[in-house]
1. Which members of the range 16-36 meet the condition of being in contact with an Asp or Glu (Cβ under 8 Å, 6 or more places away or on another chain) and exposed (fewer than 15 other Cβ atoms within 10 Å of the Cβ)?
2. Note down all Cβ pairs under 8 Å where the first residue falls in the range 80-101 and is in contact (Cβ under 8 Å) with a residue 60 or more places away in the chain, the second is part of a loop (DSSP other than H, G, I, E, B) and β-branched (Val, Ile, Thr), and they're at least six residues apart or on different chains.
3. From the list Val81, Val106, which one is under 21 Å from Val31 (Cα atoms) and within 15 Å of the chain's Cα centre (by Cα)?
4. Say whether the condition of being assigned to a loop (DSSP other than H, G, I, E, B), closer than 19 Å to Gly37 by Cα and among the aliphatic types (A, V, I, L, M) is met by at least one residue in the range 104-121.
5. Check the range 100-109 and report whether any residue there is crowded, with 20+ Cβ neighbours inside 10 Å, among the small types (Gly, Ala, Ser) and at pLDDT 95 or above.
6. Where residues in the range 37-76 are surrounded by 13 or more Cβ atoms within 10 Å (Cβ to Cβ) and in contact (Cβ under 8 Å) with a residue 60 or more places away in the chain, which of them is farthest from the chain's Cα centre (by Cα)?
7. What do you reckon, is Ala84 farther than 13 Å from Glu7 by Cα and part of a helix (DSSP H, G or I)?
8. Out of Ala50, Ala35, Ala58, I need the residue that is modelled with pLDDT of 95 or more, part of a helix (DSSP H, G or I) and among the small types (Gly, Ala, Ser). Which one?
Amino acid sequence: MAKNWIEVGALNYKDGEDAPAPFSNYGQKGVDLFAPGMKIYSTMPNNEYAPLQGTSMAAPVVAGVAATIRSVYPSLTADQVKEAILKTVTPLSQVVKLPGSKTDKVSFTKLSTTGGTVNLDKALQYASKMKGKKKVKEIKA
């Protein structure tokens with residue numbers, strides 16, 4: 001796997017023990033962080049919209065955070081953007097239902113490497129203090 005890859009779990013719209021989506025992937029070695037992934041209003045064919053769910057809804061949230069960081073700080077490398085995202089999660093420490101189980105419970109911190117959810121504001125603040133390593137060409141008008 002690429003070193004600047006981010007593995008995303010799906011967060012439920014519910015708080016408390018139902019915080020992780022019941023279908024989400026999880027694991028301290030296999031998932032980096034969580035992002036909203038249930039009842040995400042999304043585009044559909046024929047100019048329609050529908051609430052969708054899945055890690056395929058959560059991953060674009062994190063991609064959007066990465067794109068925002070790179071648009072504001074274009075000299076940051078992909079590794080630096082990943083660092084900014086992972087170092088600034090909002091930690092969750094409550095006991096939650098283990099995804100896929102109705103009865104097993106675990107601390108949310110055990111579900112991912114970071115034990116938290118993506119946080120755009122904190123990631124941008126963190127990125128603002130980083131020194132960019134990527135050469136950026138100036139666009140001349």
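The values are calculated or read from the model by the stated rules, or taken from the named source; none is laboratory data. Bear in mind that the values here come from a model prediction, so they are computed numbers and not experimental data. Cβ atoms come from the backbone with ideal geometry, glycine included; neighbour counts cover every protein chain shown.
1. Within the range 16-36, just Gly30 meets the criteria.
2. From the range 80-101, the pairs are Lys82/Ile6; Ile85/Ile6; Ile85/Val118; Leu86/Ile6; Leu86/Thr113; Leu86/Thr114; Lys97/Thr103.
3. Numbers: Val106 fails: within 15 Å of the chain's Cα centre (by Cα).
The unique qualifying residue is Val81.
4. We begin by selecting, within the range 104-121, every residue assigned to a loop (DSSP other than H, G, I, E, B); these are 104, 112-115, 118-119.
Applying the additional criterion that residues be closer than 19 Å to Gly37 by Cα yields 112-115, 118-119.
From the residues that got through so far, the ones that are among the aliphatic types (A, V, I, L, M) too are 118.
Within the range 104-121, one or more residues are assigned to a loop (DSSP other than H, G, I, E, B), closer than 19 Å to Gly37 by Cα and among the aliphatic types (A, V, I, L, M).
5. Going through the range 100-109, the residues crowded, with 20+ Cβ neighbours inside 10 Å turn out to be 108.
Next, only the ones that are among the small types (Gly, Ala, Ser) stay: none.
So far as the range 100-109 goes, no, none of its residues is crowded, with 20+ Cβ neighbours inside 10 Å, among the small types (Gly, Ala, Ser) and at pLDDT 95 or above.
6. Among those residues, the one meeting the criterion is Ser75.
7. Details: farther than 13 Å from Glu7 by Cα: yes; part of a helix (DSSP H, G or I): yes.
Considered against the rule, which asks whether it is farther than 13 Å from Glu7 by Cα and part of a helix (DSSP H, G or I), Ala84 comes out as yes.
8. Values: Ala50 fails: part of a helix (DSSP H, G or I); Ala35 fails: part of a helix (DSSP H, G or I).
That would be Ala58, the only listed residue that is modelled with pLDDT of 95 or more, part of a helix (DSSP H, G or I) and among the small types (Gly, Ala, Ser).
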